[in-house]
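The values are calculated or read from the model by the stated rules, or taken from the named source; none is laboratory data. Model, not experiment: these values are computed from the prediction. Here the Cβ positions follow ideal geometry from the backbone for every residue, glycine too, while neighbour counts run over all protein chains shown. These area figures cover heavy atoms from the full protein model, side chains too; ligands, DNA and RNA do not enter into them. Shrake-Rupley method; radii C 1.70, N 1.55, O 1.52, S 1.80 Å.
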Amino acid sequence: MAGEGFFSAEGGRVRDYSGGLTFSVAVTCLMAASCGLIFGYDIGVTGGVTQMESFLEKFFPEVLRGMKSAKRDAYCKYDNQLLTAFTSSMYIAGMLASLVASVVTRRLGRKAVMLVGGTMFLAGSVINAGAVNIAMLIIGRILLGFGVGFTAQAAPLYLAETAPTRWRGAFTTAYHFFLVVGTLAANVANYFTNRIPGWGWRISLGLAAVPAATIVAGALFVSDTPSSLVLRGDPDRARASLQRVRGGAGADVEAEFKDIAAAAEEARRSDEGAFRRLLRGKGYRHYLVMAVAIPTFFDLTGMVVIAVFSPVLFRTVGFDSQKAVLGSVIVSLVSLAGVVLSTAAVDRSGRRVLFLAGGAAMLAFQVAVAWIMAEHLGKHGSVTMPRSYAVGVVVLMCLYTFSFSVSWGPLKWVVPSEIYPVEIRSAGQAVTMSVALTLSFTQTQVFISMLCAMKYAIFLFYAGWVLAMTVFIAAFLPETKGVPLEAMRSVWAGHWFWRRFVVLDAKQEVQMNRM
C-alpha cells in the first residue's frame with residue numbers, strides 16, 4: 001500500500017487515498033505539464049539559431065568571419081561573449097522571476113503564476129521575432145526568462161499537489177516530457193527554417209508564441225490546487241477542487257482533505273516567513289541542502305549546455321549547418337524516448353535507482369566523448385575530425401542524453417516538488433529554480449569560452465561532477481516513492497543522517513517509536 005509505514009498529520013497511519021485517474025486530473029495535469037513546452041522550446045531554438053549564418057550575418061558578423069578563417073582553432077569557432085549573452089540572458093531573468101514567483105504563488109496560487117508566466121513568454125517571443133538590433137534580442141530574451149521563471153516555479157508544484165500519490169512521479173515527470181517535446185519542436189523548426197536565407201531565424205524565434213498562447217489559454221480553464229486554496233483560506237473551493245480531480249466512489253476525498261487542511265494549519269501556526277525558516281531553521285536543514293544540491297548537480301552534468309549548444313558542438317566536430325541541426329533533432333528524439341521510459345519506471349523502481357543507474361551511464365559516456373575529441377579533433381592542424389569519429393560523438397551524445405533523460409532530467413523536477421512541507425513548498429521550489437537558473441546562466445555564458453580553453457577536457461570536468469553527484473545521491477537522498485506529501489517528514493526522520501535535523505510533532509514521534 002502506498003504510504004505504508006508513514007504517518008499523517010493527525011498521527012494515524014497514512015492510507016492510500018485511492019484517488020483514481022480521472023479525466024479531470026488528466027486534463028488539469030496535462031495543462032500544467034505543458035508549461036514545460038516553453039522552457040524546452042527556448043532551449044532548443046537558441047542553439048540552432050546561434051549557428052545560422054543568416055542570424056550571425058545580421059547581428060554577429062565578426063563570429064561569421066571567424067568561422068570562415070582557416071587559422072581559427074577548431075574549439076573556438078563561436079567564442080564570442082555577446083553571442084553567448086543572447087543565450088544566457090534568459091536564465092538570469094528566470095532566476096529573478098522565480099524568486100518573485102514564490103511570493104506570488106503563495107498569495108495568489110499556482111494558476112495565477114502560470115498565467116503570468118505564459119503571457120510574458122508570449123510577449124518575449126513576439127519581440128525576438130521582430131528584432132532589428134541586439135538590444136531588442138536581449139529585451140525579448142529577458143521577457144522569455146521571466147516567463148520560464150514563473151512557470152517552472154509553479155508547474156511542478158501544481159503537478160505534485162494535484163496528482164494521485166501512487167502516480168505522482170509519473171505526472172510530475174510529464175513536465176520534463178513536455179520540455180523535451182518543446183526542444184524537439186524547436187530543433188525541427190530550426191531544421192526547416194535554416195534553409196530560408198535572410199529571415200528563417202525569425203520564424204524559429206516567433207514560433208515560441210504558439211506554446212505560450214496554449215499555456216495562457218489553458219490556464220484560464222483550470223482550478224488551483226487544493227493545497228494552495230486551503231493555504232490561502234478558501235476551504236470550500238479546495239474541497240470542490242479535490243473532489244473534481246479525484247472523483248470516483250473509491251476515492252477517500254475527505255481523509256485526504258483533512259490531511260491537506262492539517263498541513264496547511266500547521267504552516268499558518270508557524271508562519272514566520274518561509275525563506276527565513278528554510279535558511280535558518282535546524283529542522284529544515286535537509287530541505288535547504290537538497291534545494292541547493294539537486295539543481296547544482298543537475299546543471300553540472302553538462303546537459304543544459306549540451307542541449308542548448310548541441311548544433312554548435314556538432315559543427316565544431318565537422319558537420320555543416322543543416323546536418324548539425326539534424327543531429328540535434330536526433331538527440332531530442334532519443335531524449336524523448338528516455339523520458340517515456342522514466343515515466344513508466346519512476347513509480348515502480350523508485351527515484352534512487354534511476355538516479356544511480358543514470359549517473360553511472362552518464363559518467364561512462366562523458367569520458368568516451370572526451371577520449372574521442374582528445375584523439376581526433378584539432379590534430380595536425382585540422383579544424384574537423386574524421387567523419388566516422390564525428391558520427392561516434394553524435395552516437396555517444398545520444399546515449400548520454402538517453403541516460404540523462406531516464407534519470408536526472410525528469411527527477412530534477414519530481415524530487416524537489418515533493419520533498420518540501422507545505423509551509424516552505426513555494427520557497428523551497430523558488431530556491432531550487434533560482435540555483436538552477438543561475439548556474440544555467442553562468443554555464444551558457446562561459447561554455448563556449450570553456451570549450452575553447454579546456455578543449456576535450458571540458459567533458460572530463462563534467463564527468464567529475466557526475467561522479468560526485470552519484471555518490472551524494474547514494475548517501476543522502478532517501479526514497480520518496482509512494483509517500484503522500486503530508487507524510488514526507490517521516491521519510492527524513494528514518495534516514496541515517498538527516499534524522500538528527502528533523503523536527504516532528506509529538507504524535508509523530510510517539511508513532512515513530514512504536515515502529
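Using DSSP to define loop residues, name the chymotrypsin sites (Phe, Trp or Tyr not before Pro) in region 197-244 whose beta-carbon has at most 15 other beta-carbon atoms within 10 Å. The qualifying sites are TRP199, PHE221. Look at the dipole of the chain built from charges on Cβ: of THR438, ILE473, PHE257, the Cα furthest out on the positive end belongs to THR438.
Think of the chain as a dipole: +1 on every Lys or Arg Cβ, -1 on every Asp or Glu Cβ, centred on the Cα centre; then among TRP492, ALA324, ALA457, ALA457 lies furthest on the positive end. Against the chain, whose longest principal axis is taken from its Cα atoms, helix 425-454 shows a tilt of about 20°. Residues of region 390-412 falling in the label zone of TRP371, defined by backbone nitrogen less than 20 Å from a point 7 Å along Cα to beta-carbon, are 390-404. For the pair GLU265 and GLU53, the difference between a 0.36 nm per residue extended length and the Cα-Cα distance amounts to 70.5 nm.
Could you give each residue of region 173-183 its phi-based ³J(HN,Hα) in whole Hz, using Karplus coefficients 6.51, -1.76, 1.60 with θ = phi - 60°, and x for Gly or Pro? Here the 3J(HN,Hα) series is 4, 4, 4, 5, 4, 5, 4, 5, 4, x, 5 Hz.
Subtract the Cα-Cα distance of PHE23 and VAL289 from 0.36 nm times their separation in residues, and report this length gain in nm to one decimal. The span from PHE23 to VAL289 would gain 92.1 nm if fully extended.
On full extension, the segment bounded by GLN81 and GLN322 gains 84.3 nm, given 0.36 nm per residue less the C-alpha separation.
Using the Cβ-Cβ distance between MET454 and ALA344 with R0 set to 45 Å, the FRET efficiency works out to roughly 0.75. Cysteine residues of the chain whose Cβ has no partner cysteine Cβ closer than 4.7 Å: CYS29, CYS35, CYS398. By the helix-only formula, in which each DSSP H run with n ≥ 4 contributes -39500 (n - 2.57) and the sum is divided by residues, the chain has a 222 nm mean residue ellipticity of -24500 deg cm²/dmol.
Taking Lys and Arg as +1 and Asp and Glu as -1, the other residues whose beta-carbon sits under 11 Å from that of TRP498 total +4. The HN-Hα couplings worked out from phi for region 122-137 by the Karplus form 6.51 cos²θ - 1.76 cosθ + 1.60 (θ = phi - 60°) are 4, 5, x, 5, 5, 5, 5, 5, x, 4, 10, 8, 5, 4, 5, 4 Hz, whole numbers, x standing for Gly and Pro. Taking Lys and Arg as +1 and Asp and Glu as -1, the other residues whose beta-carbon sits under 15 Å from that of ALA291 total +3. For the chain, with all protein chains in place and a probe radius of 1.4 Å, 66% of the accessible heavy-atom surface sits on carbon or sulfur. Short-range pairs are left out: with C-alpha atoms under 8 Å and at least six residues apart, the relative contact order of the chain is 26 percent. Label separation (VAL446 vs ALA468): 1.2 nm, computed from points 7 Å beyond Cα along the C-beta direction.
Count Lys and Arg as plus one, Asp and Glu as minus one, and take only other residues whose Cβ is under 12 Å from that of VAL132; the net charge is then +2. Entry comment: accessible area of the chain is 36 Å² per residue, from protein heavy atoms only and a probe of 1.4 Å. Angle of helix 81-108 to the longest C-alpha principal axis of the chain, folded into 0 to 90 degrees and rounded to 10: 10°.
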